[in-house]
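Q: Have a look at this one before I ask anything.
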């Protein structure tokens with residue numbers, strides 16, 4: 001009991017410290033106690049139908065509150081802009097994950113997958129500080145079991161392994177992600193080459209930012225003795241789009257599968273119809289969770305259509321490895337074009353440029369001067385291409401690591417010369433101008 005109470009106090013204190021205000025602490029305690037009281041009351045229903053409907057009503061209320069907060073700009077959104085905690089408290093950054101974690105727990109308890117946890121375990125589940133700001137969204141039953149067994153103790157091997165993940169995460173998030181933003185030219189509307197370079201660099205930037213944070217909290221939690229989900233597992237090396245979504249933000253995809261896709265599929269009489277429509281619906285809901293804007297609607301629709309096309313048709317072909325990777329990257333970059341521009345008119349202009357043969361001919365003719373201006377041509381300034389080269393080199397090293405150690409993700413970066421190289425790069429590249437959360441609104 002003492003260890004779990006201490007863990008709760010530590011989590012609340014650190015979240016309050018990140019938020020820069022103490023008001024976060026009583027708000028979290030009161031909201032968690034209120035949510036638990038509602039769950040306790042609903043769990044008293046003996047009939048399964050009222051229990052389930054109470055979960056639906058609670059989910060609808062949470063969703064309505066979340067949408068309202070999105071429209072008011074109170075909750076950070078994954079919009080690709082530079083984020084900051086200055087005007088965005090840690091509480092509002094964590095609310096989207098807070099909401100999904102509570103909804104999942106409601107359904108698990110009310111459909112009798114798990115027993116109602118104690119109030120202390122419920123609070124620890126919600127505000128466990130390593131995962132509060134950006135996940136991962138843990139499966140409730142195994143995670144609650146870990147929290148029940150939690151004890152503060154010293155384990156040198158566990159701490160050493162966790163520290164290697166923290167170092168890799170710091171390198172990804174604070175040394176590689178932020179500098180890549182200088183290669184994202186959001187105001188360019190007419191040159192397709194620059195637009196494609198921008199989308200590619202934004203894809204790398206998002207990966208290093210989100211994966212970096214995930215590795216940091218994964219490592220911290222391992223050092224404490226709590227096993228979290230490894231949210232990213234070499235996603236850029238996936239064989240196809242279905243494999244990609246299994247390796248990108250793993251816990252979020254698992255949540256939407258378990259609590260949205262599976263229940264809807266079970267209640268849909270036409271299984272063939274559900275096989276086509278439900279994935280598209282789930283992708284749309286996921287996109288709206290990221291941000292309620294026009295571009296996210298298109299982004300979710302595009303990803304859903306590509307996923308449905310693959311699982312219904314394209315998976316039947318035995319594609320060469322190189323063809324699968326090219327197709328995957330084309331899919332990623334086009335999706336990022338939709339992701340990066342929230343203004344519908346500007347997005348249409350960018351897409352018109354990308355799909356204009358005349359613009360591509362003109363861009364290719366002017367490419368020597370263009371690349372020179374960007375520092376990418378012969379005689380370039382090394383500093384202009386240093387970070388893209390490092391980013392692509394890391395993806396290549398990921399390939400070597402995954403090939404040689406398929407059951408031990410990112411192993412080459414966390415041991416021996418790889419670990420030493422990460423430390424050296426951190427000392428050489430880390431800046432005092434540290435980036436905040438990429439999905440936070442300014």
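Q: Without any contact (Cβ under 8 Å) to a residue 60 or more places away in the chain and surrounded by 15 or more Cβ atoms within 10 Å (Cβ to Cβ) - does that describe any residue in the stretch 314-323?
A: No - not one qualifying residue is present in the stretch 314-323.
Q: Which one of these is under 30 Å from residue 3 (Cα atoms), within 20 Å of the chain's Cα centre (by Cα) and outside the structural domain of residue 131 (by TED's automatic domain parsing): 238, 221, 177?
A: Just a single option satisfies the conditions, and that option is 221.
Q: If I ask for residues that are assigned to a loop (DSSP other than H, G, I, E, B) and over 15 Å from residue 408 (Cα atoms), which ones from the stretch 229-242 would you list?
A: First, pick out the residues of the stretch 229-242 that are assigned to a loop (DSSP other than H, G, I, E, B): 229-234, 238-240.
238, 239, 240, listed by residue number.
Q: Please go through (1) touching a residue at least 40 places away in the same chain (Cβ under 8 Å); (2) more than 26 Å from residue 128 (Cα to Cα) for residue 262 and return the number of the only condition it doesn't satisfy.
A: Going through (1) touching a residue at least 40 places away in the same chain (Cβ under 8 Å); (2) more than 26 Å from residue 128 (Cα to Cα) one by one, residue 262 breaks only (1).
Q: Using the structure shown, decide if residue 143 is at pLDDT 90 or above, within 22 Å of residue 2 (Cα to Cα) and surrounded by 21 or more Cβ atoms within 10 Å (Cβ to Cβ).
A: Judged against the criteria, residue 143 is a match.
Q: Before we move on, is residue 189 more than 25 Å from the chain's Cα centre (by Cα) and modelled with pLDDT under 90? Before you say what the answer is, go through the steps one by one.
A: Values: more than 25 Å from the chain's Cα centre (by Cα): yes; modelled with pLDDT under 90: yes.
Spelling it out, residue 189 is indeed more than 25 Å from the chain's Cα centre (by Cα) and modelled with pLDDT under 90.
Q: Another one. Consider residue 379 carefully, then state whether it is modelled with pLDDT under 80, loosely packed, with under 13 Cβ neighbours inside 10 Å and in a loop (DSSP other than H, G, I, E, B).
A: yes
Q: For the stretch 96-104, indicate whether the set of residues that are not in a helix (DSSP H, G or I) and not assigned by TED's automatic domain parsing to the domain that holds residue 229 is non-empty.
A: No.
The values are calculated or read from the model by the stated rules, or taken from the named source; none is laboratory data. From a predicted model like this one, the values you see are computed outputs, not experimental measurements. Cβ sites come from the backbone with ideal geometry, for glycine too, and all protein chains shown count toward neighbours.
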